[in-house]
Amino acid sequence: MHYLNATKTPSSVTKEPIIELKGISKKFGKSVILDNVDLKIYRGEALAIIGPSGTGKSTILRIIAGLLAPDAGEIYIEGNLRSGLIEDGNDPIGIGMVFQQAALFDSLTVEENVGFALLQHSQLKRSDIRELVQQKLEMVGLGNTGSRYPAELSGGMRKRVSFARAIMANPNNPKNASEVLLYDEPTAGLDPIASTVIEDMIRQFQCTQGVCSTYAIVTHQDSTIRRTADRLIFLYQGKVQWEGTVNDTQTTDNPLIRQFFSGSVEGPIHIIG
């Protein structure tokens, strides 16, 4: 990725977003997924991007992560305009992503999955990588699983392995550490107890020194929204339709929000399928 200096105003110095999307649009074929979306993520906040299925929430995460290019619009990282994808250059703040399906390599052990980036792209000794991996696995409560394979783990355990991988960094390159984590449906398909474990872990990471203090999460699950988010962005028909806090969802008159949280089939949200 390449970054160009952007002009800063006095107001942006006091509360400048760490990540900002301006006028982001994306189409797949004839389908408009994102339509001129503006979005800001501030350092230290917990943002949830919510809305019905198929409204571009995961697409936004992939654009932020530098895994997908928008058709139009600009992306600013710490006030600097970014161009290109993640493989085009270094990420100045470290943006990690936890994918919905964990995206682990089935043929690799848990230890090899968590340490994959260091094994492939660092000069660290294997013994040092193993020690770092063990530390991260202990952070997610899986200290004794390094020799196991993903198929031997439950869905919740696989999610936690993916968390450990997302926060893995090269100690010889502090800039490589993830300052921002992006979670794509981290509790999807999990039972309520496993979901609670994941939700607690997300908040714990935010408060742990040396781990990301900022995150954005895509989720449909009510408990995950209420237990992991401070600010909400509601996305529908490719546009941001509402923004507020979790508490605001209880008092807003916005019909989209009222229908979404009530689960009603009656209202302005069109039911797909």
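What follows is calculated from the coordinates using simple rules that are stated; it is not laboratory data. What you see is a predicted model, and the numbers here were worked out from it, not measured in a lab. Note: ideal-geometry Cβ built from the backbone for every residue, glycine included; neighbour counts use all protein chains shown.
In the list [x] 44; [y] 40; [z] 32, the label attached to percent of Cα pairs over 26 Å apart as derived from the coordinates here is [x]. Calculated mean residue ellipticity at 222 nm for the chain: -8500 deg cm²/dmol, from DSSP H runs with n ≥ 4 weighted as -39500 (n - 2.57), summed, divided by the residue count and rounded to 500.
Give me the net charge for the shell around L104: Cβ to Cβ below 9 angstrom, other residues only, Lys and Arg +1, Asp and Glu -1.
Details: positive: R158, R165; negative: D106.
Summing Lys and Arg as +1 and Asp and Glu as -1 gives +1.
Each listed q (0.14, 0.20 Å⁻¹) maps to a log10 I(q)/I(0) for segment 219-268, found by the Debye formula over equal Cα scatterers with no solvent: -0.32, -0.68.
Applying both filters, DSSP loop and at most 11 other Cβ atoms within 10 Å, to the GluC sites (Glu not before Pro) of segment 176-273 gives E266.
Taken as Cα centroids, segment 184-258 and segment 13-54 sit 15 Å apart, rounded to the nearest whole angstrom.
Between E131 and D253, how high is the FRET efficiency from 1/(1 + (r/R0)^6) when r is the Cβ-Cβ distance and R₀ = 45 Å? Nearest 0.05. Write down the numbers at each step before the final one.
Details: r = 55 Å, r/R0 = 1.21.
For R0 = 45 Å, the calculated efficiency reads 0.25.
Relative to the Cα centre, what is the charge dipole magnitude of the chain, using +1 at the beta carbon of each Lys and Arg, -1 at the beta carbon of each Asp and Glu, and rounding to the nearest 20 debye? Numbers along the way, then the final one.
Values: 27 positive and 30 negative charges, 40 e Å.
Charge dipole of the chain: 200 debye, to the nearest 20.
Sites listed here are trypsin sites (Lys or Arg not before Pro) in segment 78-163 whose DSSP assignment is loop and whose Cβ has at most 11 other Cβ atoms within 10 Å: K125.
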